[in-house]
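The values are calculated or read from the model by the stated rules, or taken from the named source; none is laboratory data. A quick note: this is a predicted structure, and the numbers were derived from the prediction, not measured. Don't worry about glycine lacking a Cβ; one is built from the backbone with ideal geometry, like all the others, and counts go over all protein chains shown. Heads up: the accessible areas ignore ligands, DNA and RNA and are worked out on the full protein's heavy atoms, side chains in. Shrake-Rupley method; radii C 1.70, N 1.55, O 1.52, S 1.80 Å.
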Amino acid sequence: MKIIGSVKVEKSKRLTYLAQLVVVLFIGWLAYAVGINHMPVKNTIWALTPPLIAISLALITKEVYSSLFFGMVTGALLNANFDLVGGLNQLFPNGIMTVLSDKWNVGILVFLVILGTMVQLMNRTGGSAAFGVWAANHIKSRAGAQFSTMLLGCLIFIDDYFNCLTVGSVMRPVTDKHKISRAKLAYLIDSTAAPICIIAPISSWAAAVSGFVKEENGISIFIQSIPFNFYALLTLLMMLFIIFMKVDFGPMSLHENNALRGDLFTTSCAKQSDGEGQKEGKKGRVSDLIIPVVLLVVGCVIGMIYTGGYFSGKSFVDAFAASDASVGLVMGSAVALVITIIYYLSRKSLLYSDCMECLPDGVKQMVPAMLILAFAWTLKSMTDSLGAAVYVASLVENSASGLMGFLPAIIFVVAVVLAFASGTSWGTFGILIPIVVSCFHDVDPQLMIISISACMAGAVCGDHCSPISDTTIMSSAGAQCEHLNHVTTQLPYALTAASVSFLTFLVAGFTKSAMLSLLFGIVVMFLLFLFLRYRSSSRRC
């Protein structure tokens, strides 16, 4: 076994070196084409080169940090026309340093630190362990543990970042008890975070979408688009099929089979990092976990509506539409953290020095996610400055005439590709929704609603598939799963839901009926899972 393992490691190393060599040669060719022959790059298909390099390398080499770095370097050099000094300026002062000084980004990083500290506090006081014991007595099966994870994810619809980290910290003891792999937990988290937020009228996503619909009632259009958001709805349905029909496919099957044998991670490096710096307390109660989570939910909701002007006279819905999610989450979670510490001290669950030790431990726990986020944000800024969004937008505008019935499906695919390459769903529908509104507002309002839904659905799908997506990274952090394990196991599932959604958008483009189209998608999804279940059972035989 050791010999076979060493051979696999050696093959993996060779593949990594070969892939990196190919990228270096390709960058050399770009240097000649752009730097010497002055090939145009900005606002062309070549603007997509940096993210495609990063994503391809990550999927081939299974190493995310160097892959993102290669993409960043490529983007910096392309922006500087392969002038080395200019490339360094693009990479550091205009790249990493700029994104790390951005108010929104800093807010998300602070929110991560606070959440990491909260998790450490709950672990050290024994709250997580107590909840695990309680859940073990009430949740009797693997299907029940997975469904409970999904249900909790659906209940926390305020914000996807908050969803990912909270559901992960609460449900890890439960899923571990029932031998559910961390990759499966990450999938359950990721597939309820964005899909539930994109169909919840009161969420940071609804606020973002409504802000992109100019000169219209954005919340009203968002609500009208919910029945047509087929990727989100079919993803939630697909999760139920996976849980209760007990069907797993692709790399997830390996992770789940290993978990049943006691290996929750499959890869050894995740095992070593999991739980680092965490200590369990002896006086834990279920309330030691429930109360901090409730404080987080209430604090973050109040923080978001405060930033939206609720306490200045705006309505609840309008305040959500105008909220600054980054600031609101930081303010709300910070207040929740202070109250949680006071609560633990009053109960004498922890000493003051123990509470303070949880802060650096929380930072350590979130360092991998923070580093990947910083690299991904830098890569996105490189791609934006090269005009990738302008290029994709021009494709959509040029295809708007003569393809009316097919356009929702086409927009869905374009949104998937753009979100996959850029790693941002908000940025994707921020680009595409204004184009759709301008194209269809005076032509076909119903088709405009369907196409807006296609923008949002495709953005969420591409976001799910992309290893450089914020939500994908957060889901890995919440589940404490190695990031690329989550990406490779989720990809076949996301593509399955995307394929059925594409067909459903084709039907919707011609029928313009949400009910008929969704019924078609449900039937196709059910038949597909019957086939997968039959194939799985025949293989066992």
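Normalised by the number of residues in segment 94-212, the mean separation of alpha-carbon contacts (under 8 Å, six or more apart) gives a relative contact order of 25 percent. Each label was represented as a point 7 Å from its Cα along the Cα-to-Cβ direction; for Ser101 and Leu240 these points are 5.1 nm apart. The mean sequence distance of close C-alpha pairs (under 8 Å, at least 6 residues apart), as a share of the length of the chain, puts its relative contact order at 22 percent.
Each residue of segment 258-264 was assigned a 3J(HN,Hα) from its phi angle through the Karplus expression (A = 6.51, B = -1.76, C = 1.60, θ = phi - 60°), giving 5, 4, 4, 8, x, 9, 7 Hz with x at Gly and Pro. Each semi-axis of the equivalent ellipsoid for segment 448-524 is √(5λ) with λ an eigenvalue of the Cα gyration tensor; in descending order they amount to 29, 13, 8 Å.
Remark: segment 128-144, residue by residue, has Karplus-estimated 3J(HN,Hα) of 5, 5, 5, 5, x, 5, 4, 5, 4, 7, 10, 9, 9, 9, 5, 4, x Hz, where x stands for each Gly or Pro and the curve is 6.51 cos²θ - 1.76 cosθ + 1.60 at θ = phi - 60°. Estimated at 0.36 nm per residue, the fully extended path between Val367 and Lys179 surpasses their Cα-Cα distance by 65.0 nm.
Distance from the alpha carbon centroid of segment 66-91 to that of segment 219-259 works out to 38 angstrom. Simple spin-label estimate for Ser312 and Leu52 gives 4.5 nm between the two label positions (7 Å along the Cα-to-Cβ direction from each Cα). A full extension of the chain between Leu530 and Thr511 corresponds to an added length of 4.2 nm, given 0.36 nm per residue minus the alpha carbon distance.
Probing with 1.4 Å while keeping every protein chain in the model, the per residue accessible area of segment 25-80 equals 42 Å².
Rounded to whole Å and sorted largest first, what semi-axes of the equivalent ellipsoid does the C-alpha gyration tensor of segment 11-160 yield via the square root of 5 times each eigenvalue?
Semi-axes (√(5λ), whole Å): 44, 21, 14.
On the beta carbon distance between Leu260 and Leu18, with R0 = 41 Å, the FRET formula returns roughly 0.75.
Expected output is a single nm value to one decimal: the length gained when fully extending between Val338 and Asp444, i.e. 0.36 nm times separation in residues minus the C-alpha distance. What is it? Going from the current span to full extension adds 33.0 nm. Give me the Kirkwood hydrodynamic radius of segment 280-356 in Å, from all C-alpha pairs, to one decimal place? Here the Kirkwood hydrodynamic radius works out to 13.5 Å.
Using helices alone, I'd like the mean residue ellipticity at 222 nm for the chain: each DSSP H run of four-plus residues gives -39500 (n - 2.57), total over residue count, nearest 500. -25500 deg cm²/dmol, from helical runs alone.
When peptides 166-172, 359-365, 446-452 are ranked by their average number of other Cβ atoms within 10 Å per residue, the highest-first order is 166-172, 446-452, 359-365. Measuring nothing but protein heavy atoms, the accessible surface of the chain at 1.4 Å probe radius is 68 percent carbon and sulfur.
For segment 488-541, what is the accessible area per residue in Å² when the probe is 1.4 Å? Display every interim value, and only then the final one.
Numbers: 2990 Å² over 54 residues.
I get 55 Å² per residue for segment 488-541.
The relative contact order of segment 440-541, computed from alpha carbon pairs under 8 Å that lie at least 6 residues apart in sequence, is 21 percent. Averaged per residue, segment 81-126 has 41 square angstrom of accessible surface, using a 1.4 angstrom probe with ligands and nucleic acids left out.
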